[in-house]
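The block underneath contains the structure these notes are about, expressed in structure tokens.
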Amino acid sequence: MADYLELMPGANKSAVRQWRAENEARLARPKKGFLRFQEPWRRTCTLPAAEYCDFTGDTVLIGRHGELTGDQARALHESMRAFMPWRKGPFSLYGLEIDAEWRSWRKWDRLAPGLPELKNKVVADIGCNNGYYMFRMLPRQPAAVVGFEPMLQHYYCCKSLQHLAGQAADRLSIEAMGVEQIGFYPGSFDVIFLMGIIYHRREPLTMLAQLKEALRPGGTLIVESQAIPGRESLALFPEHTYAKAPGVYFVPTAACLHNWLNRSGFKEVQLISQVPTSPEEQRRTAWMTFESYADFLDPENPQQTIEGYPSPDRVIFSAKI
Ligand SMILES: C[S@@+](CC[C@H](N)C(=O)[O-])C[C@H]1O[C@@H](n2cnc3c(N)ncnc32)[C@H](O)[C@@H]1O
């Protein structure tokens, strides 16, 4: 596919291109922190693109066992280990099974009944991580899916997977941008996914207003978030960490998130799903060997986090402009 910007008459193309050029210059510096993820990405790019991909199942499947030589399979394994810890998945790469911390298909399955039409649409996935959900969107035939991911580990991991998927991921693009750059894209997206982000932001309402500006008329925002249980419109502001995670600011109830969306001017705000977070969905694996959900809870009372706050639900909303 040509640059997705061609599909966006409203986007500030010169700002995006200038940002890309500056970022490329920044990443060209031989810094250890950059090379750590650039090297496995470059190694992956020497491997052939897969002959067969399937993005319709729970596991994102890229290539089948036997398509690579022994040396290539070893190089693939080594490169993918360099992207640990894997948070989102699972993936099957030429028969290499990568079991990530999150069984991400569970979120996708909860989301699916509330998904807007994606066919021929221009879609953004803010904080796309390694792109698991973007791959899952592709069978719905969007015109373009643009991932925003500023963390280099995930950015280069996603680029590596994109290379391996070849033509099958032709409609997928990734920018090393954060939500901070969404202002480059006024009136540009039919659908924006904002999943696992809002509780990490200091100014959730300012961000919602910026995302609204980035939608085309009639566009849809999908927001997925942690939420504390409760019926009232309240948000928890943790003293330090929430479930051991630093950088968590406002954890709303579902009613509060509904209210944020209403008061930000979105219409047809709908709760698609609300479920407790579960240690079956988020857990330690061979590809994510650090602590995981079970370690974040009070061992005496799993209804509470280790800090004594209510344990999180996961909620999904859709909202239109
Ligand atoms: C909790 S994960 C959620 C990943 C995925 N969207 C999901 O729902 O499973 C948060 C993601 O946002 C990315 N991120 C960090 N800072 C960001 C920013 N300023 N703008 C957008 N994404 C950011 C992280 O690197 C990470 O991939």
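The values are calculated or read from the model by the stated rules, or taken from the named source; none is laboratory data. Here the structure is a predicted model, which is why all the values come from computation and not from measurement. Note: ideal-geometry Cβ built from the backbone for every residue, glycine included; neighbour counts use all protein chains shown. All accessible areas refer to the heavy atoms of the entire protein, side chains included, with ligands and DNA or RNA removed. Shrake-Rupley method; radii C 1.70, N 1.55, O 1.52, S 1.80 Å.
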- prompt: Residues of the stretch 1-76: accessible area per residue at 1.4 Å, in Å²?
  reply: 62 Å²
- request: Treat every Asp and Glu Cβ in the chain as -1 and every Lys and Arg Cβ as +1, leave all other atoms uncharged, and give the resulting dipole magnitude about the Cα centre to the nearest 20 debye.
  value: 660 debye
- prompt: With each run of n ≥ 4 DSSP H residues scored as -39500 (n - 2.57), what mean residue ellipticity at 222 nm is computed for the chain after dividing by its residue count and rounding to the nearest 500 deg cm²/dmol?
  reply: -8500 deg cm²/dmol
- prompt: Nearest 0.05, what FRET efficiency do Lys320 and Asp71 give at R0 = 41 Å with Cβ-Cβ as r?
  reply: 0.20
- request: For a quick protection proxy, order the peptides 126-137, 23-34 by their average other-Cβ count within 10 Å, most packed first.
  value: 126-137, 23-34
message: If packing is taken as the average count of other Cβ atoms within 10 Å, what order do 278-291, 186-199 fall into, highest mean first?
response: 186-199, 278-291
statement: Scaled by the rule-of-thumb 2.2 N^0.38 Å, the alpha carbon Rg for the chain gives a ratio of 0.99
- prompt: If the limit is 28 Å between Cα atoms, which of Lys13/Lys320; Lys159/Lys320; Lys31/Lys212; Lys119/Lys320; Lys31/Lys88; Lys31/Lys244 go over it?
  reply: Lys159/Lys320; Lys31/Lys212; Lys31/Lys244
message: Let's test the formula: R0 of 56 Å, r as the Cβ-Cβ distance of Cys45 and Gln304. What FRET efficiency results, to the nearest 0.05?
response: 0.75
- line: Residues whose built amide H sits under 5 Å from the amide H of Gln304, excluding neighbours closer than 5 in sequence, are Asp298, Ser311
message: Going by amide H atoms built from the backbone, whose H comes under 5 Å of the H on Gly147, apart from near neighbours?
response: Asp125, Ser173, Ile174, Glu175
- request: Provide the per-residue ³J(HN,Hα) series for the stretch 309-321, in order, calculated from phi with Karplus coefficients 6.51, -1.76, 1.60 and θ = phi - 60°, each as a whole number of Hz, with x at glycine and proline positions.
  value: 8, x, 5, x, 8, 10, 10, 10, 10, 10, 8, 10, 10
message: Just to confirm my numbers, what's the Cα centroid distance between the stretch 221-291 and the stretch 1-69 in Å?
response: 29 Å
query: Using the Cα gyration tensor of the stretch 1-145, with a ≥ b ≥ c the square roots of its eigenvalues, what is the shape: rounded (a/c below 1.5), prolate (a/b larger than b/c) or oblate (neither)?
result: oblate
message: Multiplying the sequence separation of Phe237 and Ala255 by 0.36 nm and subtracting their Cα-Cα distance, what value in nm do you get?
response: 4.9 nm
statement: The ³J(HN,Hα) series, computed from each phi in the stretch 5-16 with the Karplus coefficients 6.51, -1.76 and 1.60 at θ = phi - 60°, rounded to the nearest Hz and given as x for glycine or proline, is 4, 5, 8, 10, x, x, 5, 7, 4, 5, 5, 5
- request: Return the carbon/sulfur percentage of the accessible area of the stretch 4-320, one whole number, probe 1.4 Å, all protein chains in place.
  value: 50 percent
Difference of contour (0.36 nm per residue) and Cα-Cα distance, Ala245 to Met1: 84.0 nm
message: Using the Karplus curve 6.51 cos²θ - 1.76 cosθ + 1.60 with θ = phi - 60°, what ³J(HN,Hα) values do you get for each residue of the stretch 206-214, in whole Hz, with x for Gly and Pro?
response: 4, 4, 4, 5, 5, 5, 4, 5, 7
field: Estimated distance in nm for a label pair at Ser278 and Glu24, the labels positioned 7 Å out from Cα along Cα-to-Cβ
entry: 4.6 nm
